[in-house]
Amino acid sequence: MKANRPGLGRNGRNADRRVARTRELLEQALLSLIKEKPFESISVQDIIQRANVGRATFYLHYDNKEDLLGSGFSGLQAELRERQKALRERGGEFDERLFAFSYHLLEHAHKHREVIPAMVGKRGGAAIQHVLRKLLADLMREEVKAMIHEKGPGSVPAEATVEFLSSGLFGLLVWWLNGRMRLSVEEMNEAFRKLAIPALKASADRRSRIDRQGNARP
């Protein structure tokens, strides 16, 4: 994605607002198009017509439609990571610090419940699913690192735990947003945490390895 130099002074602030507004228009245009047809069928021309911006303006900010898609998810990921970091730094019970991002992720998904089912369904295609799965895996990797830091390496490979948890959350999101059961954000978050926290802790359980090693110490 093309980088923009930060502006200086009053004119710079105005330029920054214009940049933010243009990117918002392009992101919203892409989201609205995803509700109508497959991502693979959407062209840059479709996006700029929907956003009412010029082609040169689009390419000033993004390389292609995949770049635009990734930018939107990157902003969400950065926000969720900040929430993770803030809660860990606050301290408190270890369980309370796990999956600090989950409520806000579910809240965001619920807010965009009209478009996300299309994004993770057939119209979204492999490109969108890949970006979303990577976002979830990156967030889960932070949780696994936190567990290893707190409890030490477990008996299950870290990346296996990351894949298990991120795939599970992806499946839950699809199930929830497709209306399989009318759960609120709060209820869905509680359900996810009840499933995910024991699974994460089980991955760090070293008893099976200790049993194999006889008198080995944890």
Problem - Per-region count, region 152-179, residues more than 15 Å from Ala109 (Cα to Cα), in a loop (DSSP other than H, G, I, E, B) and out of contact with any Asp or Glu (no Cβ under 7 Å at 6 or more places or on another chain) - result: 4
Practice task
Tell me which residues, restricted to region 128-149, are at pLDDT below 85 and open to solvent by less than 30 Å² (accessible area, probe 1.4 Å).
Solution key: Ile128, Ala146, Met147
Problem - Selection within region 180-196 - open to solvent by less than 70 Å² (accessible area, probe 1.4 Å) and either more than 19 Å from Phe101 (Cα to Cα) or not in a helix (DSSP H, G or I) (or both) - result: Leu183, Ser184
Handout entry: Residue satisfying condition, being within 14 Å of the chain's Cα centre (by Cα) and of a type outside the set (Val, Ile, Thr), within set His130, His149
Key = His130
Fill in the blank from the handout: Filter region 71-87 for residues that are over 20 Å from Ala20 (Cβ atoms) and open to solvent by less than 70 Å² (accessible area, probe 1.4 Å); the one that is nearest to the chain's Cα centre (by Cα) is Gln84
Handout entry: Filter pass, Phe73 being touching a residue at least 60 places away in the same chain (Cβ under 8 Å) and not in a helix (DSSP H, G or I)
Key = no
Practice task
Kindly indicate which of Glu79, Glu107, Glu89 is in contact with a His (Cβ under 8 Å, 6 or more places away or on another chain), assigned to a helix (DSSP H, G or I) and not aromatic (Phe, Trp, Tyr).
Solution key: Glu79
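The values are calculated or read from the model by the stated rules, or taken from the named source; none is laboratory data. Computed from a prediction, not measured in an experiment: that's the story for all the values here. Every residue, glycine as well, gets a Cβ built from its backbone with ideal geometry; the counts of neighbours run over all protein chains shown. Areas reflect the complete protein model, heavy atoms only, side chains present, ligands, DNA and RNA absent. Shrake-Rupley method; radii C 1.70, N 1.55, O 1.52, S 1.80 Å.
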